[in-house]
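*Asks:* Would you mind keeping the following structure in view while I ask a few things?
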Amino acid sequence: MANATVRGRFVWHELYTPNRAGSQEFYGKVAGWAVQSWDQDPGYQMFAAKSGPIGGAVEERSGTPQWLAYIGTTDVDATTDAATRLGGRVQTAPAALPNGGRYAVLVDPQGATFGVHASATAPQPEAAPKAGEFSWHELATTAAPNVAFGFYAALFDWDLVAEHDMGPMGMYLVFGRNGRQLGGMFDKGAQGKPGGAYWLGYVSVTDLEGTVERAKSARGSVLMGPMDVPGGDRVAQLMDPYGAFFALHKPAAQGAAAETGRPAARAPAKKAAAKKAAAKKPAARKAAKKAPAKRAAPKARNKPKAAGKKKAARKPAKAKPKKKAAKKAKKRAR
């Protein structure tokens, strides 16, 4: 049965940077995002795609520059308790937001940091990601992907959509919900890559090469790509001028993909694009809030900042479901 709640949806992405104004200028040039103040706290500034707010920017000079992704839940406290029982830990304890929402920042058993967020309002219907929105979320973990998947499946009821054998690079697991692909997981440790686990968010673009060139002109660095991935999509991983990692994704058939929301399952990145994520405040938005992915050793942060309104984050969709594998993964997770 389809899950009509916000549980398991990537709902907000928050950037921690030593230079907020500089980062806003950079992402404005690269992704076309505008800057918008949150009506409940003008000091909190959001990134807005053409479709509306998709994330926030927080200036923090002492931490590691990074994006932090928030995943929706209907009960932050219950999700936090479940995460600790499953071997995760709490980095920022559950706290309330000015608009009635609630959030927490957690670390999975392999060390990847992510946020959870519950909104005070009903979620908007899910829809395929548009250009300028986050369209894929990739977990580079330090365990077999099905092991890492079990933790998240128990928390968010994700489905194991497919598993791809990448040869020497190991298995690539595609996960999703309600028949829509959300992202992938792979074991970076099996590839001999150092560092901890991390989440990496991909922003959907219509012109990958042009976007990469704009990033380079704005002092960004290309870490991997542009390159083709299975299914005909093209991706690239980059670092902004202030040290935060992010990725770009162009669907194979832009028109069809925009309608189906289906970026093809991609092979694990050939170069590590991030490390663990540190964390902090989520931004709440109307309906389901959105949330970012990260790198570097997590560092506890305090008070949350909420974000404005708009539709919940949308994700990549479908691939042929592997029902047996999904059932087994969920069984293990429970």
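The values are calculated or read from the model by the stated rules, or taken from the named source; none is laboratory data. A quick note: this is a predicted structure, and the numbers were derived from the prediction, not measured. Backbone-built Cβ (ideal geometry, glycine too); neighbour counts: all protein chains shown.
*Asks:* Just checking: which of the strands (runs of 3 or more DSSP E) contained wholly in region 121-184 hold 3 or more residues that are under 15 Å from the mean Cα position of the chain (by Cα)? Spell out how you get there, then give the answer.
*Replies:* Details: elements: 134-141, 159-165, 171-177.
In region 121-184, the matching strands (runs of 3 or more DSSP E) lie at 134-141, 171-177.
*Asks:* Let me ask another. Output the residues belonging to region 187-224 that are small (G, A, S) and under 19 Å from G167 (Cβ atoms). Please lay out each step first, then the result.
*Replies:* Our first condition is that a residue be small (G, A, S); within region 187-224, this holds for 189-190, 192, 195-197, 201, 204, 210, 215, 217-218, 220-221.
Answer for region 187-224, where residues must be small (G, A, S) and under 19 Å from G167 (Cβ atoms): G189, A190, G192.
*Asks:* Here is a follow-up. State all residues of region 81-120 that are outside any helix (DSSP H, G or I), under 20 Å from T142 (Cβ atoms) and hydroxyl-bearing (S, T, Y); if no residue qualifies, say none.
*Replies:* Of everything in region 81-120, just one residue is outside any helix (DSSP H, G or I), under 20 Å from T142 (Cβ atoms) and hydroxyl-bearing (S, T, Y), namely T113.
*Asks:* For region 1-39, which residues satisfy the criterion of being among the aliphatic types (A, V, I, L, M) and in contact with a helix residue (DSSP H, G or I) (Cβ under 9 Å, 6 or more places away or on another chain)? Working first, answer last.
*Replies:* Step one: filter region 1-39 for residues among the aliphatic types (A, V, I, L, M), giving 1-2, 4, 6, 11, 15, 21, 30-31, 34-35.
Passing the criteria: L15, V30, A31, A34, V35.
*Asks:* How many residues are touching a helix residue (DSSP H, G or I) at 6+ places or on another chain (Cβ under 7 Å) and under 16 Å from L208 (Cα atoms) if we restrict to region 125-139? If you could, list the steps in order and put the result at the bottom.
*Replies:* Our first condition is that a residue be touching a helix residue (DSSP H, G or I) at 6+ places or on another chain (Cβ under 7 Å); within region 125-139, this holds for 128, 130, 132, 139.
Right, trim to under 16 Å from L208 (Cα atoms) and you get 130, 132.
Residues flagged as touching a helix residue (DSSP H, G or I) at 6+ places or on another chain (Cβ under 7 Å) and under 16 Å from L208 (Cα atoms) within region 125-139 amount to 2.
*Asks:* Going through region 159-172 one residue at a time, which ones are surrounded by fewer than 24 Cβ atoms within 10 Å (Cβ to Cβ) and in contact with a Pro (Cβ under 9 Å, 6 or more places away or on another chain)? Outline the logic, then answer.
*Replies:* Looking only at region 159-172, we keep the residues that are surrounded by fewer than 24 Cβ atoms within 10 Å (Cβ to Cβ), and these are 162-172.
Listed by number, the residues that qualify are A162, E163, H164, M166, M169, G170, M171, Y172.
*Asks:* I would also like to ask the following. Kindly indicate whether any position in region 127-136 is at pLDDT 95 or above and either over 29 Å from Y44 (Cα atoms) or among the hydrophobic types (A, V, I, L, M, F, W, C) (or both).
*Replies:* There is at least one residue in region 127-136 that is at pLDDT 95 or above and either over 29 Å from Y44 (Cα atoms) or among the hydrophobic types (A, V, I, L, M, F, W, C) (or both).
*Asks:* Related question: Scan F156, F175, F114 and give me the residue that is within 23 Å of R89 (Cβ to Cβ), hydrophobic (A, V, I, L, M, F, W, C) and either in contact with a Ser or Thr (Cβ under 9 Å, 6 or more places away or on another chain) or surrounded by fewer than 24 Cβ atoms within 10 Å (Cβ to Cβ) (or both). Steps first, please.
*Replies:* Values: F175 fails: either in contact with a Ser or Thr (Cβ under 9 Å, 6 or more places away or on another chain) or surrounded by fewer than 24 Cβ atoms within 10 Å (Cβ to Cβ) (or both); F114 fails: either in contact with a Ser or Thr (Cβ under 9 Å, 6 or more places away or on another chain) or surrounded by fewer than 24 Cβ atoms within 10 Å (Cβ to Cβ) (or both).
Matching residue, one of F156, F175, F114: F156.
*Asks:* Let me ask something else about it. Give the residue that is modelled with the lowest pLDDT, with candidates limited to residues of region 187-220 that are aliphatic (A, V, I, L, M) and more than 26 Å from V11 (Cα to Cα). Break it down into steps so the answer makes sense when it comes.
*Replies:* Residues of region 187-220 aliphatic (A, V, I, L, M): 190, 197, 200, 203, 205, 208, 212, 215, 218.
Filter once more, keeping what is more than 26 Å from V11 (Cα to Cα): 190, 218.
On the way: A190: 77, A218: 98.
The extreme case among them is A190.
*Asks:* From the set of residues in region 117-153 that are polar (S, T, N, Q) and either in contact (Cβ under 8 Å) with a residue 60 or more places away in the chain or over 29 Å from A93 (Cβ atoms) (or both), which is surrounded by the most Cβ atoms within 10 Å (Cβ to Cβ)? Break it down into steps so the answer makes sense when it comes.
*Replies:* Looking only at region 117-153, we keep the residues that are polar (S, T, N, Q), and these are 119, 121, 124, 135, 141-142, 146.
Filter once more, keeping what is either in contact (Cβ under 8 Å) with a residue 60 or more places away in the chain or over 29 Å from A93 (Cβ atoms) (or both): 119, 121, 124, 135, 146.
Working: S119: 28, T121: 16, Q124: 20, S135: 34, N146: 18.
The extreme case among them is S135.
*Asks:* Also: For region 194-225, enumerate the residues that are surrounded by fewer than 16 Cβ atoms within 10 Å (Cβ to Cβ), in a strand (DSSP E or B) and free of Cβ contacts under 8 Å to residues at least 24 places away in the same chain.
*Replies:* Result: S221, single match.
*Asks:* Now, a different point. Is it true that some residue in region 40-59 is in contact with a helix residue (DSSP H, G or I) (Cβ under 8 Å, 6 or more places away or on another chain), of a type in the set (F, W, Y) and under 22 Å from Q237 (Cβ atoms)? Walk me through it before giving the result.
*Replies:* Narrowing region 40-59 to residues in contact with a helix residue (DSSP H, G or I) (Cβ under 8 Å, 6 or more places away or on another chain): 45, 47, 49, 57-59.
Add one more test, that the residue is of a type in the set (F, W, Y), and what stays is 47.
When the remaining residues are screened for being under 22 Å from Q237 (Cβ atoms), the result is 47.
Checking region 40-59: at least one residue is in contact with a helix residue (DSSP H, G or I) (Cβ under 8 Å, 6 or more places away or on another chain), of a type in the set (F, W, Y) and under 22 Å from Q237 (Cβ atoms).
*Asks:* Let me ask something else about it. If a residue has to be charged (D, E, K, R) and more than 21 Å from S217 (Cα to Cα) to count, how many in region 24-52 make the cut? Show your work before the answer.
*Replies:* Within region 24-52, the subset charged (D, E, K, R) is 25, 29, 39, 41, 50.
Keeping just the survivors that are more than 21 Å from S217 (Cα to Cα) gives 39, 41, 50.
Within region 24-52, residues that are charged (D, E, K, R) and more than 21 Å from S217 (Cα to Cα) number 3.
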